[in-house]
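As structure tokens, the structure follows; a few thoughts come after it.
The values are calculated or read from the model by the stated rules, or taken from the named source; none is laboratory data. If you're wondering where the values come from, they're calculated on a predicted model, not measured in any experiment. Glycine also receives a Cβ, built like all others from the backbone with ideal geometry; neighbour counts cover every protein chain displayed. The area values use the complete protein model at the heavy-atom level, side chains included, leaving out ligands, DNA and RNA. Shrake-Rupley method; radii C 1.70, N 1.55, O 1.52, S 1.80 Å.
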Amino acid sequence: VPPIVWLLLIYFALGETDLKLTTFQASVIGLGIVSTAYIAEIYRSGLDATPGGQSEAADALGMPFGAKIFRVITPQAATVVIPPLATFAIGLLKDSALASVIGAQDITFRAFQEAQANLNGLTVFMWAALLYILLSIPIAALARWTGSRLTRKVAA
């Protein structure tokens with residue numbers, strides 16, 4: 001189901017009940033529901049990418065379950081998981097613009113208001129695009145740094 005449908009369903013369907021949500025609350029819940037499935041699949045694929053022999057080796061060494069998960073499996077899975085998580089986070093940042101459809105005041109909503117007020121849409125939306133890029137760069141840089149650091153740590 002597309003994220004915009006979730007946002008509309010949550011905001012308008014729950015608005016018909018006694019539970020009244022603000023546009024921000026509906027946006028967080030809607031994008032959270034969509035994100036949960038994607039992030040779970042990213043983690044599942046990371047765990048599946050860890051060779052089964054690693055778990056067997058940890059068992060052969062007599063490692064307790066918690067140590068096996070946190071010292072052997074998770075560090076190897078993290079090297080696989082971080083790039084798609086960063087990509088998803090950047091995509092979610094951009095998908096937050098969908099929240100403006102239900103009136104949540106995000107970057108796109110504010111840019112649209114400003115463009116209507118001064119009739120200079122090109123400049124306003126170029127600034128909005130630049131802001132999205134400036135918000136995305138630290139996410140990508142952090143993911144790249146963390147990924148390379150984890151890769152070195154796991155390889156050592």
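Scoring GLU56 on the criteria (1) open to solvent by less than 70 Å² (accessible area, probe 1.4 Å); (2) within 30 Å of VAL154 (Cβ to Cβ); (3) in a helix (DSSP H, G or I) leaves a single failure, condition (1). On the basis of being modelled with pLDDT of 90 or more, under 21 Å from LEU131 (Cβ atoms) and crowded, with 17+ Cβ neighbours inside 10 Å, does ALA104 make the cut? Judged against the criteria, ALA104 is not a match. Figure legend. Inter-residue proximity from region 12-30: first residues free of Cβ contacts under 8 Å to residues at least 40 places away in the same chain, second residues loosely packed, with under 11 Cβ neighbours inside 10 Å, beta-carbon distance below 8 Å, spacing 6+ or different chains. Indicated pairs: LEU14/LYS20. Answer yes if at least one residue in region 86-100 is more than 20 Å from the chain's Cα centre (by Cα), open to solvent by 70 Å² or more (accessible area, probe 1.4 Å) and among the basic types (Lys, Arg), and no otherwise. No, region 86-100 has no match at all.
Does THR123 meet the test of being modelled with pLDDT under 90, assigned to a helix (DSSP H, G or I) and at negative phi? Considered against the rule, which asks whether it is modelled with pLDDT under 90, assigned to a helix (DSSP H, G or I) and at negative phi, THR123 comes out as no. Scanning region 1-13 for residues that are open to solvent by 50 Å² or more (accessible area, probe 1.4 Å) and closer than 16 Å to PHE88 by Cα returns a single hit, PRO2. Considering only residues of region 59-78 that are among the aliphatic types (A, V, I, L, M) and closer than 24 Å to ARG149 by Cβ, which is surrounded by the most Cβ atoms within 10 Å (Cβ to Cβ)? The qualifying residue surrounded by the most Cβ atoms within 10 Å (Cβ to Cβ) is ALA77.
Quick check on my filter: what residues within region 14-32 are open to solvent by less than 50 Å² (accessible area, probe 1.4 Å) and either under 27 Å from GLY147 (Cβ atoms) or part of a helix (DSSP H, G or I) (or both)? Before the answer, list the steps.
Quick first cut of region 14-32, residues open to solvent by less than 50 Å² (accessible area, probe 1.4 Å) only: 15, 21, 23, 26-27, 30-32.
The answer is GLY15, THR23, ALA26, SER27, GLY30, LEU31, GLY32.
So, in region 60-106, how many residues would count as being of a type in the set (A, V, I, L, M), farther than 16 Å from PRO3 by Cβ and in contact with a Phe, Trp or Tyr (Cβ under 9 Å, 6 or more places away or on another chain)? I'd like the intermediate steps shown before the answer.
To start, the set of residues in region 60-106 that are of a type in the set (A, V, I, L, M) comprises 60-61, 63, 67, 69, 72-73, 77-78, 80-82, 85-86, 89-90, 92-93, 97-99, 101-102, 104.
This time we only want the ones that are farther than 16 Å from PRO3 by Cβ, so: 60-61, 63, 67, 69, 72-73, 77-78, 80-82, 85-86.
With the extra rule that they be in contact with a Phe, Trp or Tyr (Cβ under 9 Å, 6 or more places away or on another chain), the set shrinks to 77, 81, 85.
Count: 3.
Just give me the residues in region 107-156 being farther than 19 Å from SER27 by Cα, charged (D, E, K, R) and open to solvent by 100 Å² or more (accessible area, probe 1.4 Å), in sequence order. Correct list: ARG144, ARG149, ARG152, LYS153. For region 81-98, a residue qualifies if it is free of Cβ contacts under 8 Å to residues at least 40 places away in the same chain and among the hydrophobic types (A, V, I, L, M, F, W, C), and the qualifying residues are VAL81, ALA97. Of all the residues in region 33-47, those that are surrounded by 13 or more Cβ atoms within 10 Å (Cβ to Cβ) and not polar (S, T, N, Q) number 8.
Within region 58-75, residues that are under 15 Å from GLY46 (Cα atoms) have Cβ atoms under 6 Å from residues that are surrounded by 12 or more Cβ atoms within 10 Å (Cβ to Cβ) in these pairs: VAL72/GLN54; VAL72/ALA58; ILE73/THR50; PRO75/VAL154, counting only partners at least 6 apart in sequence or on another chain.
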